[in-house]
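The values are calculated or read from the model by the stated rules, or taken from the named source; none is laboratory data. Keep in mind it's a predicted model, so treat the numbers as computed, not measured. Reconstructed Cβ throughout: ideal geometry from the backbone, glycine too, with neighbour counts over all protein chains shown. The accessibility values were calculated without ligands, DNA or RNA, using every heavy atom of the protein model including side chains. Shrake-Rupley method; radii C 1.70, N 1.55, O 1.52, S 1.80 Å.
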Amino acid sequence: MARRLVGCLMNISEGRNQGTVEAIAMSALRVNDKPAADGGCRASVLNIFSDHDYNRSVLTITSTVEDIGEAVYQACVSAYEHIDLSRHEGGHPRLGSVDLVPFQPLSVGVTLQECGDIAIGVAHRLASAVQGSASFLFGQADRPLWRPLAQRRREVGWFKPGVPFEELKQDVGQRPSSRYGLTAIGAIPYMMVINVTIDTQDLKFGQQIVKTIRGRTPGGLPGVQAMAFAHQGQIEIACNIMSIPHEEQCSGTSGNADSSFKNNIRTGQSENCGSESVYRYGEGLYTRPSVVERRIQELAAEGGVRTVGSNVVGFTPDGACKLAEQALRTGQAMHWKTRTDTRM
């Protein structure tokens, strides 16, 4: 029987002490103490992506619907033990020592409702086990409002540095503390990420590009969320590529899409939407990372600035699913140790 797989791109506020990051990753693998029925493993950490300037890491944890909650719970408990947010310094916005816990369907047929149930369970279990921890919910875990991550972050003040923790509002747990902060826990469709570096130190110029490409901007790229950061003496445009909302798939409300998308696309294939290329997986439809990079190049060139590199820090959805299936089947629990490229 095929595994029904879920992924979690767990963001933690530690990117400089690799020993700490790997200890947290190993905690997720405690679920493997119970042997898998087929001789493989129950959970695998596919990759660890750490950034020194941001002092932030992303752990890609994969497992089955039955085991992903336990794997992520164990990793979160370990992160709370190791990371004191009150001592944190870094260039990336954050509100929690464990900052983001998004559960995402990998296997076609795994539903967002299932992932939302898992997310809610993990949030309440952490609140009971780690005194002083707190979380806010988003996506399919935010019931009955179903608010997206970006909206919830704006509401709780994630984008505003220096907000006193006692003023933050949690959905689950106690009043946020300076040690643990406030963790975002939820369930959303699979997310891809691309970071593009532009050769300037002008943060305002980077923010202008961000405003232009965001999906909620008229004429922006559907499903794209973006921020600009000072990074290693240049500006990095960090983009989350979310599944395009159904209403935009039908009406092209971002202003750069046809009035409808073709429905005869096979899973893991691309199709053209007007002048843009998009990628479909299951029920999800995504702007391709290459389209995002090309648009940033165009906008930077208009200001006389060149791009100097990009990292696609994320598997495609079907790529992540296939890799997770292979790792779990062959017992590669520490798959991140085999990787040499930049992946999330």
*Filter the stretch 301-330 for residues that are part of a loop (DSSP other than H, G, I, E, B), of a type in the set (Gly, Ala, Ser) and either touching a strand residue (DSSP E or B) at 6+ places or on another chain (Cβ under 8 Å) or surrounded by 20 or more Cβ atoms within 10 Å (Cβ to Cβ) (or both) and give the result.*
Gly314
*So Gly162 fits all but one of (1) in a helix (DSSP H, G or I); (2) out of contact with any helix residue (DSSP H, G or I) (no Cβ under 8 Å at 6 or more places or on another chain); (3) of a type outside the set (D, E, K, R); what number is the exception?*
(1)
*Among (1) under 23 Å from the mean Cα position of the chain (by Cα); (2) among the aliphatic types (A, V, I, L, M); (3) surrounded by fewer than 19 Cβ atoms within 10 Å (Cβ to Cβ), which single condition is Leu203 missing?*
(1)
*Val21: closer than 21 Å to Gly109 by Cα and open to solvent by less than 10 Å² (accessible area, probe 1.4 Å), yes or no?*
no
*List, please: which pairs have Cβ atoms under 9 Å, are six or more places apart or on different chains, and start with a residue in the stretch 308-326 that is of a type outside the set (A, V, I, L, M) and end with one that is in a helix (DSSP H, G or I) and open to solvent by 30 Å² or more (accessible area, probe 1.4 Å)?*
Ser310/Glu293; Phe315/Lys322
*Determine whether the stretch 42-59 contains at least one residue that is over 19 Å from the mean Cα position of the chain (by Cα) and closer than 23 Å to Thr338 by Cα.*
yes
*Within the stretch 213-278, strands (runs of 3 or more DSSP E) holding 1 or more residues that are at pLDDT 60 or above*: 224-231, 234-241
*asked:* Can you pull out every residue in the stretch 124-149 that is in contact with a Phe, Trp or Tyr (Cβ under 9 Å, 6 or more places away or on another chain), aliphatic (A, V, I, L, M) and not in a loop (DSSP other than H, G, I, E, B)?
replied: Leu126, Ala129, Ala134, Leu149
*Out of the stretch 29-76, which residues are assigned to a strand (DSSP E or B) and surrounded by fewer than 19 Cβ atoms within 10 Å (Cβ to Cβ)?*
Ser50
